[in-house]
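The values are calculated or read from the model by the stated rules, or taken from the named source; none is laboratory data. As the structure is a computational prediction, the values presented were derived from the model and not from experiment. Methodologically, a virtual Cβ is constructed for each residue, glycine included, from the backbone with ideal geometry; neighbour enumeration extends over all protein chains shown.
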Amino acid sequence: MYMKASTSCLGSGEREIDRVSRIGPIQVPTFLPDRATQPTTNEDLVLRSNTPNDPPTMPPNRARPRHRPLTLATVAGISAFILPTCALIRLYASPHTLWPLFYTAAVSGVTFLFYGYDKMQARNLEWRVQESTLHALAMAGGWPGALVGMHYFQHKTRKMRFQSVFWSIVMGWQGLYWMVWSGGIEVG
């Protein structure tokens, strides 16, 4: 397919459009350096587009799979789920209520979404979620969602100050779950 464009609208630093590169469904003209055979102001300039038989001029943009390494923090995070799971089972077994499980799942889901939103804002160089908000959500019981969000989005994993506050919140919750499991706190 050929399209004609008049060169009369080109300025004094006009360049010849030699080929059109394909980026997805959009075709973008590629400008090449000046050549000896520049079109005059009255000549027509021909734009060539890629046809289905032409090979693509750029490789397709494929998403690379994410690499989520198995680190010491990942192992600690997985093991941090053992005691809360046992405590929630004990809470369900004694008064037969699912409210603690629903509460933990809801707050963790919201916290996970906040971590994803903060990672998106960080990539786009936009306004971010405050670290105090992320810590408050973890302190409110959403630390499992925060832990999964940190691992899934690879977000807030290198900031030692953030990690130390976060892991102290997790340890506080572990102490609470230990007290529920051992019978130190009666619920119901």
Please specify each residue of region 74-118 satisfying the condition of being at pLDDT 95 or above and among the charged types (D, E, K, R). ASP118
Of all residues in region 103-137 being small (Gly, Ala, Ser) and either farther than 13 Å from MET150 by Cα or without any contact (Cβ under 8 Å) to a residue 40 or more places away in the chain (or both), the one that is surrounded by the fewest Cβ atoms within 10 Å (Cβ to Cβ): SER132
Can you confirm whether region 83-97 contains a residue that is within 18 Å of the chain's Cα centre (by Cα) and surrounded by fewer than 13 Cβ atoms within 10 Å (Cβ to Cβ)? no
